[in-house]
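Q: I have a structure here, written as structure tokens, and I will follow up with some questions on it.
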Amino acid sequence: MTGAERASIFDSAMAQNAAQKIIASHLASGQMKPGEEIAIKIDQNLLQDATGTMAWLEFEALGVPRVKSRLCVSYVDHNMLQTGFENPDDHLFLQSMSAKYGALFSRPGNGISHHAHLERFDVPGETLLGADSHTCQGGAMGMLAIGAGGFEVAATMAGEPYRLRMPGVVRVTLKGELPSWVSAKDVILELLRRHTVKGGLNKIYEYAGPGLANLTVPERSTIANMGAELGLTASVFPADEQTLAFMKWQKREKDFKPLVADEGAKYDDEIELDMSKLEPLIAQPHSPDNVVPVREIAGTPAVQVAVGSSVNSSFFDLMTVAEIMKGKKVHPSLHMTVSPGSRQVLLLFTLAGGLASVIAAGARGLEVACGPCIGMGMAPPSFGNSIRTFNRNFPGRSGTADDRVYLCSPEVAAATAINGVITDPRSLGAPPKIEIPKELIIDDSGFLPPAKEADKVEIVRGPNIQRLPISQPVAETISGVVLIKLKNNVSTDEIMPAGAKILPLRSNIPAIAEYVFHYVDPTFPKRAKEVGPGIIVAGENYGQGSSREHAAIAPMYLGVRAVVARSFARIHHDNLINFGLLPLCFTRPEDYDLFFPDDQIELVAIRSSLKERKPIKLRNLSKNKEIDLTYDLTDRQIKILRAGGLVQYLKK
């Protein structure tokens, strides 16, 4: 029975929610039961330059002559600082690969990928797979938008369906209206406060309820974007009157398709949130779920305020800040920056007078880029409190090892910039009223089409672009040492840091591997190469955060052969498999306490245990202990590991 036939049977058997409707219409194989592996056709792909160079190298390794998805857009929005040859070389590589293989190329300065894609390409009812964890922002437009590792994206660009475990679908019912000075950022911060950074693992949050009527698409995009911080597979909003209004504004109403859940549709869980009871919230260092009311920490000194990033860089967000700052000055104890989400936003913000207002107030206008959010400039001073409208505050992500980053709404950021201390914006009096212009300047010239004669395009490869390291088939026995032991919720930023110094090495694995665990244990690369094969031991939710597959490739290159953890984040779990690293779990949580750095270990009967689906035994030779390890692997993933990674598996 084909996937379409299965979907048809499912469709006729029961009412469907919005997420199920999209999956059913794209189902290539599998059954839509939570936990079962399914394969879905992908309509659109999104690449960005921090992960895109590797994804293009992986696509090239598959030997496919042309991108096969309906639309693929390759953005340059992360590594914009051209302090050496590496970034400009990579930009030319990305442009030439796009031209040759059939992708649109978004030039530097054209837009932060998620915001620009929302404006110009997101289509209700379609599927989008992006090599960035915040691809889920597309769910604001009624898409099934999923972030994944670059290799998964490259495979779908080559025509493969995307395979994942069918997520559970959770209905999030929004009621009431947002009070004055409370914004969409406070909605997602409240969900993080309640459900934590691992509360959404293997789930889709589908938003519904009367509260949606007054939430615009840009506001919805703030909530959808930070679904990544909840660990969600995707966030899905209905395609309704607000969606149609936004698409008309973008002169794309022809792409509108209504999408709502059927009456009586079933959900795997329910969440209810009364927005009228919310107040301004803020996430304290060093996790997006460390959320408290702003009033509780009001008065905390700040040395930096940053507005923008993919999550809060819309025209509405920036104009809110501009109106609050109008006629006022940035407090002398701090400095402030503003980053627009796209060239379109920047033009509109400029014409509306918003840019003049923030510059007159003393803020710095930054270019259209992720910028400080990914540690590309504006690193805070040592121990300095940086107040940001961004989506992540993991340790060191800003570019400063001992950073103290807070996450908040544009309203809180602006109030803080004026007073020099974290400020509840309700103390400012009446909130500003923002008028949205009826007409936009639509200029898509920043998107370069593929070449008409692809065979004449020469790929530009700078000296920083090295060959993709190929992993080896998993061995029957792994003997080595525990290279490092880590706590819960270790992020990919802690495994493989970003920032202006390290991220330009993204297409040079031997070079970037020298920075693995740079802020956790800078001796790790040297030790890993000296002692030979080894394993990583970790707590819960290992690998949360970015889809950056360098956090799997670089440890593999250094000799790591397995990660043993209490649990894994979804994207990183898949990235480990794709590069031949075993993701194994402790059968009992307390077994984590039996292992320490430098313990001599042995994993035995690996291949045969995987084949027979038996637990894998881990021996601690230093302490004369032996335990069983479990794993959450599909039959296909076991085959990938036995083949030595996704390249070898797909070639076979």
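Computed from the coordinates by the stated procedures, all read-outs in this text should not be read as laboratory data. Just so it is clear, the structure is predicted and the values come from calculations on it, not from any experiment. FYI the Cβ positions are ideal-geometry reconstructions off the backbone, even for glycines, and counts take in every protein chain you see.
Q: Could you check what % of the DSSP bridge pairs in the chain are antiparallel, to the nearest 5?
A: The antiparallel proportion sits near 35 percent.
Q: Is the C-alpha gyration tensor of region 423-463 telling us rounded, prolate or oblate? Criteria: a/c under 1.5 is rounded; beyond that, a/b larger than b/c is prolate, otherwise oblate.
A: Judged from the Cα gyration tensor, region 423-463 comes out oblate (a/c at least 1.5, b/c at or above a/b).
Q: With +1 on each Lys and Arg Cβ and -1 on each Asp and Glu Cβ, and nothing else charged, work out how big the dipole of region 290-427 is about its Cα centre, in Debye to the nearest 20.
A: With only Lys, Arg, Asp and Glu charged at Cβ, the dipole is about 120 debye.
Q: Based solely on its DSSP helices, what 222 nm [θ] is calculated for the chain when runs of n ≥ 4 H residues each add -39,500 (n - 2.57) and the sum is averaged over all residues, nearest 500 deg cm²/dmol?
A: Dividing the helical sum by the residues of the chain leaves -8500 deg cm²/dmol.
Q: List the residues whose amide H sits under 5 Å from the amide H of Ala565, counting only those 5 or more places along or on another chain, with H placed 1.01 Å from N in the peptide plane.
A: It is Ala538, Leu584, Cys585, Phe586, by chain and number.
Q: If you place +1 on the Cβ of every Lys and Arg and -1 on the Cβ of every Asp and Glu, how big does the dipole about the Cα centre of the chain come out, in debye to the nearest 20?
A: It works out to roughly 840 debye.
Q: A follow-up question, please. Would you mind classifying region 290-427 by shape? Square roots of the alpha carbon gyration tensor eigenvalues, ordered a ≥ b ≥ c; an a/c under 1.5 is rounded, otherwise it is prolate if a/b is larger than b/c and oblate if not.
A: Verdict is oblate for region 290-427.
Q: Could I ask something else about it? Tell me which lysines have Cα within less than 27 Å of Lys526's Cα, excluding those fewer than 8 residues away on the same chain?
A: Leaving aside lysines fewer than 8 places away in the same chain, those within reach of Lys526 are Lys485, Lys487, Lys501, Lys623.
Q: Mind checking which lysines have their C-alpha under 19 Å from Lys456, skipping anything on the same chain fewer than 8 residues away?
A: Lys100
Q: Suppose R0 equals 51 Å. What FRET efficiency, 1/(1 + (r/R0)^6) with r the Cβ-Cβ distance, do Lys248 and Arg613 give to the nearest 0.05?
A: Rounded to the nearest 0.05, the efficiency is 0.45.
Q: Match the structure shown to one of the listed values (1) 39, 32, 25; (2) 37, 28, 26; (3) 42, 38, 21 of semi-axes √(5λ) of the Cα gyration tensor in Å, computed from it, and give that label.
A: (2)
Q: If I take R0 = 41 Å and measure r between the Cβ atoms of Lys625 and Asn202 in this structure, what FRET efficiency does the formula 1/(1 + (r/R0)^6) give, to the nearest 0.05?
A: Using R0 = 41 Å, I get an efficiency of 0.85.
Q: Let me ask you something else. With the Cα gyration tensor of region 478-651 giving a ≥ b ≥ c as the square roots of its eigenvalues, does the rule (a/c under 1.5 for rounded; else a/b larger than b/c for prolate; else oblate) give rounded, prolate or oblate?
A: oblate
Q: I'd like the antiparallel share, as a percent to the nearest 5, of DSSP beta bridges with both residues in region 290-427.
A: Bridges in region 290-427 that DSSP calls antiparallel: roughly 5 percent.
Q: Right, next: If you rank Ser507, Ser547, Ser427 by fewest surrounding Cβ atoms within 10 Å, what's the result?
A: Ser427, Ser507, Ser547
Q: Roughly how far apart, in whole Å, are the Cα centres of region 337-380 and region 401-444?
A: The two parts, judged by their Cα centres, are 12 Å apart.
Q: Something else: Can you list residues whose amide H is under 5 Å from Cys72's amide H, if they're 5+ apart or on another chain and H is modeled 1.01 Å from N?
A: Asn45, Leu104
Q: With θ set to phi - 60°, apply the Karplus curve 6.51 cos²θ - 1.76 cosθ + 1.60 along region 457-474 and write out the HN-Hα couplings as whole Hz, x wherever there is a Gly or Pro.
A: Once θ is set to phi - 60°, the couplings for region 457-474 become 7, 9, 6, 8, 10, x, x, 7, 8, 9, 5, 6, x, 9, 7, 9, x, 4 Hz.
Q: Can I ask one more? What list do you get for Thr350, Thr173, Thr400, Thr53 if you sort them by fewest beta carbons within 10 Å?
A: So the ranking, lowest neighbour count to highest, is Thr350, Thr173, Thr400, Thr53.
Q: Okay, next question. For Lys175, go through the lysines and keep the ones whose alpha-carbon is under 22 Å away, minus same-chain ones fewer than eight residues off.
A: Once the sequence-local lysines are set aside, what remains near Lys175 is Lys185, Lys203, Lys266, Lys277.
Q: Another question, if that's okay. Cα centroids of region 146-181 and region 8-76: how far apart, whole angstrom?
A: Answer, in whole Å: 10.
Q: Which whole-number percent gives the relative contact order of the chain, counting Cα pairs below 8 Å spaced six or more residues apart?
A: Once normalised by length, the contact order is 14 percent.
Q: So between Ile441 and Ile271, what do we pick up on full extension, going 0.36 nm a residue minus the alpha carbon distance?
A: Once the chain is fully extended between Ile441 and Ile271, it gains 57.3 nm.
Q: Using the alpha-carbon atoms, what tilt in degrees (0 to 90, nearest 10) does helix 86-101 show relative to the longest principal axis of the chain?
A: The angle comes out at about 80 degrees.
Q: Mind listing the phi-derived Karplus ³J(HN,Hα) values for region 339-354, rounded to whole Hz, using 6.51, -1.76 and 1.60 with θ = phi - 60°, and x for any glycine or proline?
A: For region 339-354, the Karplus-derived couplings read 10, x, x, 7, 4, 4, 4, 4, 4, 5, 4, 5, 5, 7, x, x Hz, x marking Gly and Pro.
Q: Express the relative contact order of region 3-277 as a whole percentage, based on alpha carbon pairs under 8 Å and six or more residues apart in sequence.
A: 23
Q: Then there is this: Can you compute 3J(HN,Hα) from phi for each residue in region 380-387, using the Karplus curve 6.51 cos²θ - 1.76 cosθ + 1.60 with θ = phi - 60°, rounded to whole Hz and x for Gly and Pro?
A: x, x, 4, 6, x, 7, 10, 9
Q: Could you grab the relative contact order for region 478-651? Cα pairs under 8 Å, six or more apart, rounded to a whole percent.
A: 23
Q: Where in region 352-385 does the label zone of Lys328 land, with the point 7 angstrom along Cα→C-beta and an amide N cut-off under 15 Å?
A: Output list for this probe position: 357-363.
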